[in-house]
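Structure record follows, encoded as structure tokens.
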Amino acid sequence: MSTSPEMYSLRVNGTEQHVKDAWIGESLLYVLRERLGFMGAKGACEQGECGSCTVLINNDAVCSCLVMAASAIDTDITTVEGLATTETPNDIQQAFVTEGAVQCGFCTPGLIVAVHHLLETNSSPSEIEVKEALSGNICRCTGYGRIFSAVQLVISQREKSVS
Amino acid sequence: MTTRTTNKQRDVLGVSALRPDGIAKTQGTFSFSSDYTADNMLWGATLRSPHPYARIISIDISAAIKIDGVETILLSGDVPGKLTYGLIASDQPVFASDYVRYMGEPIAAVAADHPETCRRALDAIVIHYEVMTPLTSIEDALNPNTPSIHPDGNVFRHQRILHGDANATGDIIVEGEYEIGMQDQAFLGLEAALAYPDSDGAGVELVVATQWLHEDQKQIADCLAMPKEKVRLQLGGVGGAFGAREDISLQVHTCLLALRTGRPVKMQYTREESFFGHVHRHPGVIALKHHVTNEGRIVKIEGTMKLDGGAYASTSSAVLINGVTHIQGPYKCANAVFDGYAVRTNNPPCGAMRGFGVVQACFAHEGQMDKLAAATGIDEVEIRLRNIIHTGDTMITGQVLESVAPLERCIRETAAMPLPAEMGLQPHELDLPGGSGRTADRRNIVRGIGWGVSMKNLMYSEGFDDYSTARCTLTNGSVELKFATSEVGQGFVTLAPQIARSVLGVDEVTYDTIDTQIGSAGSTSASRQTWMSGGAVDGACRMVRERLFEHVGSLHGIDPLRLAIDDTDVIDTIGTLRISVQEASANFTVSETFEYHHRTTEDLDENGQGNCHVAFAFVAHRAVVDVDVELGLVKVVQIATAQDVGRVLNPMSVTGQIEGGIAQGLGLAVMEEIIVTNGIVRNPSFTDYLLPTALDAPQVLISMIEEPDPQAPMGAKGVGEAPCISVTPAIVAAIRNATGKSIDRCPVRPQDICF
């Protein structure tokens, strides 16, 4: 790029990441994927309609395609890669597979982040609250039924482990 | 040493085995085609026509090529081989050079160091057009006086069906005209590919999300003027397909850019570009006239189906055939006079989408069944039961229905499912029609119930041999499978190991990279991969099993014909030998490749007669909707369905296909439509093209009807398309039932309900 390159750093999953030679107009989604190698956030509409690129910024769920990367300096960015280790998937990830909530899987990482965010803010959401919380994440394969089952499984497992 | 693991459920056929790629997909570590990257990689981008129809006068790339970071710009003259491509007719230019025939048609491709550089380069290419009046109506395209917009003419295909007595009449005649809007597949994983040129420039490797690697390979090789083996394809992770990845989109462009620059090139469409970069479901108009007896029995159908195929052929001719040959629906009909036309216009090209012509036909024949019910005074379930087709009946093509046809069970089991509770007086606002709009008033909400029933052909038709290939290698108790079957999300990578475990008694099964280093698997479409690639895997595993039995037989002095697999052991069926497959295959490697072909089919003759289809599956849907009659908003409350699946090989996968298909059919019923005016696409974005969200998902009640089909390799029919076919007319029928309005188009818009 001929435009003057920028250098800044982002705190992703608790680690400072240096972004070199960036164009200032790059979205957080682009920088996470193409410059820092966090491929878990997916781009599918690039206008905040589908939720495939969902990440947490200071524990708020946002569409990373709508956030300028340079504006996320000094925030805590959490991607799907930051929710669990590769070796030990978390209960949400496991439930998605167990309940058949994954088909093509393109929407899945965004949904995992969205479900994580929902259950962090409301540990026993009603059915309609789950639907509302996930209505910003489009899935074209499943028709959502197995996704609801996966969320219910996590809720009941967590309730059991608390009691 | 024999170890038995009978206490653990094995992931064999019939079990809800989990996806082997599931955890990686939840972690974001599964590589979709857009996730691939390479050292020294360039980005590619496509320049597209803003006009639906124009003559290109000049193209000036001189300013664009000078932009810092731009490596190359390619035009039609840079295509070394065939200048056109296409699945059936090769009529679509790699790059337009004389005319552009639809909005979004590719004209040039650029490779540069950054997507933003590409965008600037595209902006700097100067094209002078002579803008022409687009041909945008089906009727104009059918008019012989309309000038051709393409050397191949304006009609892709006309197919007549003439069956039985053309002069037969019924006691009652019911007529209807039905309109279907243009639907988009809207897979989430946008078109993306990464091409690596061979160092000598004589070949290329392409990682791409596609439905059919070998068909892409053939078309790409022709355009590159390379032998097929020099174009090696690997399946990049596919983020859904639904028909939209059957045609070439960015494959040739990406390879050309990589070969020209000598560097890896990645192309990745934006959502807007994706709307222009792949074909859509055909919009169309179907006129139908049913003659019935006073008892409601169908005597004859007459009518026309007119599909708008857009600017290029794609699969229009095959979609049309599917449409006209399914126009009778799953009902007996002795006499038919029907004409189908698929035409060329300057609208976006249309081709394959889940349901492939049968969606359109079903919307019309189910609308008719409800009109027949009203005209004869017979209940809408009873009128369908009275006419249903059975195995052994002759269809309007003259073909005898050989498939198992448990349609009566589908209808009766659907009818027996419980209806949802009535809406309370103070419902949750998100349960109201309009969802988060929260504008609906409870007092204006009316409930309706509607029905849809359908049959859908499986596999390719009209003499096409869409075979599939698989290799099975057994060594030391574990199996590796190899196939070129596109995994688009449907779960073939789950099913294939289940087959191997069932046939060979192994537990550890892996599959090799999905690529062109083995024979074709055919396309992941037409509900065909469980049958075709499943049949290939099953066949290869059975061949390996024979070799294993020969090996065990010779070691133990037993006739191999006496041996069988029991759980994870090889046993002598009339003796005492029992050894584990693990032990039996120790230090033994055997590999077999099997090609599965379905039975042959025939072309239709000029009267639409011929054994053109391989097999059929059946399904019934009942929809319950709440309609705000004042605002024209619809909430689909419940879908009940019973589907003929042959045999359930993985219950969870089948459930996923049924629920997902229903959501897409719901989309076509009440929200999804690409709006095109004068050839201009008005809503190429997810902001304006509405897709069902979690809040739109209805309750789904499912019954899987298992009557194994003896013609299917494992008794299992394909389940992918049936769910999305008759659910659309069922929902629209429920809206008619709620509103009392005659609504004969989908998607149903608020103005269709309110005005």
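Residue check: B:SER436 meets all listed conditions (1) modelled with pLDDT under 95; (2) in a loop (DSSP other than H, G, I, E, B) but one, namely (2). Could you tell me how many of the residues in region B:658-685 are facing chain A (nearest Cβ under 10 Å), more than 21 Å from B:SER274 (Cβ to Cβ) and among the hydrophobic types (A, V, I, L, M, F, W, C)? Result for region B:658-685: 3. For first residues located in region A:1-21 and of a type in the set (Lys, Arg), partners that are at pLDDT 85 or above and in a strand (DSSP E or B) and lie 6+ apart or on another chain with Cβ distances below 7 Å form the pairs A:ARG11/A:ASP76; A:ARG11/A:ILE77; A:LYS20/A:MET7. Name the single residue that is farthest from the other protein chains (Cβ to nearest Cβ) among those in region A:123-160 being small (Gly, Ala, Ser) and assigned to a helix (DSSP H, G or I). The residue in question is A:SER156. With respect to the stated conditions, B:ILE735 fails to be out of contact with any strand residue (DSSP E or B) (no Cβ under 7 Å at 6 or more places or on another chain), over 30 Å from B:ILE499 (Cβ atoms) and in the same structural domain as B:ALA375 (by TED's automatic domain parsing). Within region A:20-40, the set of residues being aliphatic (A, V, I, L, M) and more than 7 Å from chain B (Cβ to nearest Cβ) comprises A:ALA22, A:ILE24, A:LEU28, A:LEU29, A:VAL31, A:LEU32, A:LEU36. In region B:211-245, the residue that is surrounded by the most Cβ atoms within 10 Å (Cβ to Cβ) out of those that are touching a strand residue (DSSP E or B) at 6+ places or on another chain (Cβ under 7 Å) and closer than 29 Å to A:THR142 by Cβ is B:GLY239. Taking each residue of region B:416-433 that is within 14 Å of chain A (Cβ to nearest Cβ) and looking for partners that are in a loop (DSSP other than H, G, I, E, B) and not acidic (Asp, Glu) with beta-carbon atoms closer than 8 Å, six or more apart or interchain, yields B:GLU429/B:ARG438; B:LEU430/B:ARG438; B:ASP431/B:MET423; B:LEU432/B:ARG438; B:LEU432/B:ALA440. Contact map, region B:442-463: first residue free of Cβ contacts under 8 Å to residues at least 12 places away in the same chain, second residue aliphatic (A, V, I, L, M), Cβ cut-off under 9 Å, separation 6 or more or different chains; the map is empty.
Out of curiosity, is B:ARG409 among the basic types (Lys, Arg), over 28 Å from the mean Cα position of the chain (by Cα) and in the same structural domain as B:GLN711 (by TED's automatic domain parsing)? No. Applying the set (1) touching a Ser or Thr at 6+ places or on another chain (Cβ under 7 Å); (2) among the hydrophobic types (A, V, I, L, M, F, W, C); (3) away from chain A (no Cβ under 14 Å) to B:ALA209 leaves exactly one unmet item: (3). When region A:27-42 is filtered for residues that are crowded, with 24+ Cβ neighbours inside 10 Å, under 12 Å from the mean Cα position of the chain (by Cα) and farther than 14 Å from A:ASN13 by Cα, only A:LYS42 remains. For region A:62-82, filtered to residues that are among the hydrophobic types (A, V, I, L, M, F, W, C) and buried (at least 22 other Cβ atoms within 10 Å of the Cβ), the residue that is nearest to B:THR494 (Cα to Cα) is A:VAL80. The single condition among (1) within 30 Å of A:GLU26 (Cβ to Cβ); (2) within 15 Å of the chain's Cα centre (by Cα) that A:LEU119 does not satisfy is (1). Only one entry of A:TYR8, A:TYR30 meets the criterion of being in a strand (DSSP E or B) and hydroxyl-bearing (Ser, Thr, Tyr), and that entry is A:TYR8. If we scan region B:470-484, do we find a residue that is of a type in the set (Gly, Ala, Ser), outside any loop (DSSP other than H, G, I, E, B), surrounded by 24 or more Cβ atoms within 10 Å (Cβ to Cβ) and at pLDDT 95 or above? Yes: region B:470-484 contains one or more residues that are of a type in the set (Gly, Ala, Ser), outside any loop (DSSP other than H, G, I, E, B), surrounded by 24 or more Cβ atoms within 10 Å (Cβ to Cβ) and at pLDDT 95 or above. The set of residues in region B:686-708 that are facing chain A (nearest Cβ under 8 Å) and either touching a Lys or Arg at 6+ places or on another chain (Cβ under 6 Å) or among the aromatic types (Phe, Trp, Tyr) (or both) comprises B:PHE686, B:ALA694, B:LEU695.
Considering only residues of region B:390-404 that are touching a strand residue (DSSP E or B) at 6+ places or on another chain (Cβ under 6 Å) and surrounded by 14 or more Cβ atoms within 10 Å (Cβ to Cβ), which is nearest to B:GLY610 (Cα to Cα)? Selected residue: B:ILE396. For region B:86-134, a residue qualifies if it is among the polar types (S, T, N, Q) and touching a Phe, Trp or Tyr at 6+ places or on another chain (Cβ under 8 Å), and the qualifying residues are B:GLN92, B:THR117, B:THR133. Residue count for region A:44-57 under the criterion of being at the interface with chain B (Cβ under 8 Å from one of its Cβ atoms), on the phi < 0 side of the Ramachandran plot and surrounded by fewer than 24 Cβ atoms within 10 Å (Cβ to Cβ): the result is 2.
Scanning region B:32-44 for residues being within 22 Å of B:GLU273 (Cα to Cα) and within 14 Å of chain A (Cβ to nearest Cβ) gives a total of 9. Within region B:601-654, the set of residues being surrounded by fewer than 24 Cβ atoms within 10 Å (Cβ to Cβ) and under 23 Å from B:ASN444 (Cα atoms) comprises B:VAL624, B:VAL629, B:GLU630, B:LEU631, B:GLY632, B:LEU633, B:VAL637, B:GLN638. For region B:738-745, the criterion of being in contact (Cβ under 8 Å) with a residue 40 or more places away in the chain, assigned by TED's automatic domain parsing to the domain that holds B:GLN368, under 21 Å from B:ALA642 (Cβ atoms) and buried (at least 19 other Cβ atoms within 10 Å of the Cβ) is met by no residue.
Does at least one position in region A:76-83 carry a residue that is among the hydroxyl-bearing types (Ser, Thr, Tyr), at pLDDT below 95 and farther than 30 Å from B:GLY434 by Cβ? Checked against the condition, which is being among the hydroxyl-bearing types (Ser, Thr, Tyr), at pLDDT below 95 and farther than 30 Å from B:GLY434 by Cβ, region A:76-83 yields no hits at all. Considering every residue within region B:412-428, establish whether at least one is in the same structural domain as B:ILE731 (by TED's automatic domain parsing), touching a strand residue (DSSP E or B) at 6+ places or on another chain (Cβ under 8 Å) and surrounded by 21 or more Cβ atoms within 10 Å (Cβ to Cβ). Within region B:412-428, one or more residues are in the same structural domain as B:ILE731 (by TED's automatic domain parsing), touching a strand residue (DSSP E or B) at 6+ places or on another chain (Cβ under 8 Å) and surrounded by 21 or more Cβ atoms within 10 Å (Cβ to Cβ). Where strands (runs of 3 or more DSSP E) fall wholly inside region B:501-581, the ranges with 3 or more residues that are within 30 Å of B:MET459 (Cβ to Cβ) are B:508-511. Could you grab me the full set of residues in region B:128-142 that are within 31 Å of the chain's Cα centre (by Cα) and part of a loop (DSSP other than H, G, I, E, B)? Of everything in region B:128-142, those that are within 31 Å of the chain's Cα centre (by Cα) and part of a loop (DSSP other than H, G, I, E, B) turn out to be B:PRO134, B:LEU135, B:THR136, B:SER137. Looking across region A:82-98 at every residue that is at the interface with chain B (Cβ under 8 Å from one of its Cβ atoms) and closer than 20 Å to A:ARG158 by Cβ, the one that is farthest from the chain's Cα centre (by Cα) is identified as A:THR98. Only a single criterion out of (1) within 14 Å of another protein chain (Cβ to nearest Cβ); (2) within 28 Å of the chain's Cα centre (by Cα); (3) at positive phi is not satisfied by B:GLY69, namely (2).
The values are calculated or read from the model by the stated rules, or taken from the named source; none is laboratory data. All values reported here derive from a predicted model rather than from experimental measurement. When we count neighbours, we look across all protein chains shown, and the Cβ atoms used for this are built from the backbone with ideal geometry, even at glycine.
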